[in-house]
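Take a look at the structure below.
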Amino acid sequence: LHRFGELAAFVESNAAERAAKADRGGITFGVGQVLRHRKFGFRAAVLGWERRPEVDVSGWDGVQGLPSGADQPFYRMVPDMGDCVGLLGGPRGVRYVAQENLEELPLSERAISHELLPHFFDGYDAASGTFLPVQQLRYWYSRDPLPDTGLAVLAAEQAAAALDKLSALLHSHALDARGAGLLEPLMLLLGAAGSAADSAAAERAALALLAAHPSGEVRELMRASERSVEGDDLLAARGALDEALDIDAGHAELFARRAAVHLRAGRPEAGLSDARDALQRDARHFAARTLEGSALRELR
């Protein structure tokens, strides 16, 4: 049970990260590119990006005065160690840089060195002046441009195919387990768990069974809703769940997820209604029970 939960969490987290990075709208640079910081002058290789900063950067020297301020993509970057010593006064680790602070470099200036580079990149392609990201980064940032080295592209495609097959296999097992009536024993295990680890494992497995659905279209709509929630687009998240409910209005998980979206959007009445609809369809849905309690507290 523990291993099933860990494997499912691994697959889900990697798939979620890949989905979150699928839309490159507004993203100028890609993983592996070597760029220069316009203000501080150091060169660095991109190892990841976020559409908006995940930390408060509003007071940073490098951000103040930029046309877009903090409202722009930010890049995680490994700097050239020589540049750090010469321009910043000493060694530095991973940098977090605003898109407007970055500029492209001529090919002759893109070869950099830092002890962290081998942790994120398999090597350097001198022909393109680009670092080759490790397999996990290639999977996450699948839409970022990569130099056509053949083997690197093939490895990325194989990794994606392997995780897709593993995800399908886990979902198939969840459907089989639910059909075989294993949700009830899981609920008993959850109630009798002797440790936090046992409880978490039983909860993950039970949630997987509750969420399982035979329709690929419904599953894709649930994933689309998850991506929208991560991007704080609650209207799109609710729209995806509305579409899924038009396909199957008997699936408790869909109501529970829409209840969570309503609560996050500050609509406790709608959240309460959906939580109760979920429980009407499956009284064992403990997440819906929790959402019902949250809605009632907000309505007091």
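The values are calculated or read from the model by the stated rules, or taken from the named source; none is laboratory data. Computed from a predicted structure; not experimentally measured. Please note: Cβ atoms are built from the backbone with ideal geometry, for glycine as well, and neighbour counts cover all protein chains shown. Heads up: the accessible areas ignore ligands, DNA and RNA and are worked out on the full protein's heavy atoms, side chains in. Shrake-Rupley method; radii C 1.70, N 1.55, O 1.52, S 1.80 Å.
Restricting attention to segment 254-285 and to residues that are among the small types (Gly, Ala, Ser) and in a helix (DSSP H, G or I), the residue that is nearest to Glu220 (Cα to Cα) turns out to be Ala256.
Of the residues making up segment 91-110, just one is farther than 17 Å from His37 by Cβ and among the aliphatic types (A, V, I, L, M), namely Leu107. Among the residues of segment 254-279, those that are surrounded by fewer than 18 Cβ atoms within 10 Å (Cβ to Cβ) and either over 27 Å from Ser199 (Cβ atoms) or at pLDDT 95 or above (or both) comprise Ala265, Gly266, Glu269, Ala270, Ser273, Arg276.
Conditions tested, residue by residue: (1) in contact with an Asp or Glu (Cβ under 8 Å, 6 or more places away or on another chain); (2) outside any loop (DSSP other than H, G, I, E, B); (3) modelled with pLDDT of 90 or more.
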site	(1), (2), (3)
Ser13	no, yes, no
Phe40	no, no, yes
Asp61	no, no, no
Gly69	no, no, yes
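Of all residues in segment 42-91, those being open to solvent by 70 Å² or more (accessible area, probe 1.4 Å) and either in contact (Cβ under 8 Å) with a residue 40 or more places away in the chain or closer than 24 Å to Gln135 by Cβ (or both) number 5. On the stretch given as segment 103-140, residues that are among the hydroxyl-bearing types (Ser, Thr, Tyr) and either open to solvent by 80 Å² or more (accessible area, probe 1.4 Å) or under 11 Å from Arg43 (Cβ atoms) (or both) total 2.
Among the residues of segment 204-253, write down those that are outside any helix (DSSP H, G or I) and either surrounded by fewer than 17 Cβ atoms within 10 Å (Cβ to Cβ) or touching a residue at least 60 places away in the same chain (Cβ under 8 Å) (or both). Spell out how you get there, then give the answer.
Taking segment 204-253 first, the residues outside any helix (DSSP H, G or I) are 212-215, 231-233, 248-251.
Once the filter is applied, which keeps residues that are outside any helix (DSSP H, G or I) and either surrounded by fewer than 17 Cβ atoms within 10 Å (Cβ to Cβ) or touching a residue at least 60 places away in the same chain (Cβ under 8 Å) (or both), segment 204-253 yields Pro214, Ser215, Gly231, Asp232, Asp233, Asp248, Ala249, Gly250.
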